[in-house]
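Only the coordinates and a few stated rules stand behind these numbers; no lab work does. Since we're looking at a predicted model, the values are computed, not measured. Because the Cβ atoms are built from the backbone with ideal geometry, glycine has one as well, and the counts that use them run over all protein chains shown.
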Amino acid sequence: MKIAAPALQRDLENTITLEEAASLTLACEQTLEGFSFEGGALMGMRFPSAEVKSCVLRGCRLTGIQMPKVYFGNVRFENCDLSAANFTDGGFARCEFSGCKLSGANLGGASLSDAVFRDCVADGAVFSECTLKNVRFERCRMRGAAMPELRVRKGSMEFSECDLAQTTLFRTPLAGLDLTTCNIEGAALEGPELRGAIVTALQACELAKLLGVIIK
């Protein structure tokens, strides 16, 4: 699956802090575009509506930030703390999350296209009813994450070396999805979602137990 990387201009503005940029955005309700931020914290801040385009955030703390219906376009997050962030019904296009914390973050109802989550911790994160197109999770820990009823076409989502233990996948189509490198112990499924999924023999035995099948 080919994923388009964030399209970022060469010379991003770095003359203001993340906090200053946030204050300007709140005061003027303008799109935040073309910035690079190193560090800074916006913990618990609320943005009624926001657009962030062509930006890089490194080592930023956005824990508990309230940004429902936010739009991120061509944005790269590196080693950021987004724990308990609220991004419900938001939009993410050409975004990369690398080494980020997303534990307890809520992306319910969001639309994600050409997005990569790499080496992230997203225990208990909520992706319920998200629409996914060309989304990859690489080496992510997502224990107890909620991913029911995802809207995803076959071949538009990938997991590689992820920890999906106790993850909820009710009514999420898994046809064509290769889970052989992932830990899916205790994943919550009803059964039909598994049609066409690719698993190892050991995983198949574990899934059979979850579905109440007795193997002799």
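Looking across segment 20-51, the residues that are of a type in the set (Asp, Glu) and either exposed (fewer than 14 other Cβ atoms within 10 Å of the Cβ) or in a loop (DSSP other than H, G, I, E, B) (or both) come down to 20, 29, 38.
When residue 84 is tested against (1) of a type in the set (A, V, I, L, M, F, W, C); (2) under 15 Å from the mean Cα position of the chain (by Cα); (3) closer than 16 Å to residue 122 by Cβ; (4) crowded, with 22+ Cβ neighbours inside 10 Å, exactly one condition is not met: (4). Taking the criterion of being touching a residue at least 60 places away in the same chain (Cβ under 8 Å) and either touching a Leu at 6+ places or on another chain (Cβ under 8 Å) or aliphatic (A, V, I, L, M) (or both), the residues of segment 63-112 that qualify are 74, 75, 76, 95.
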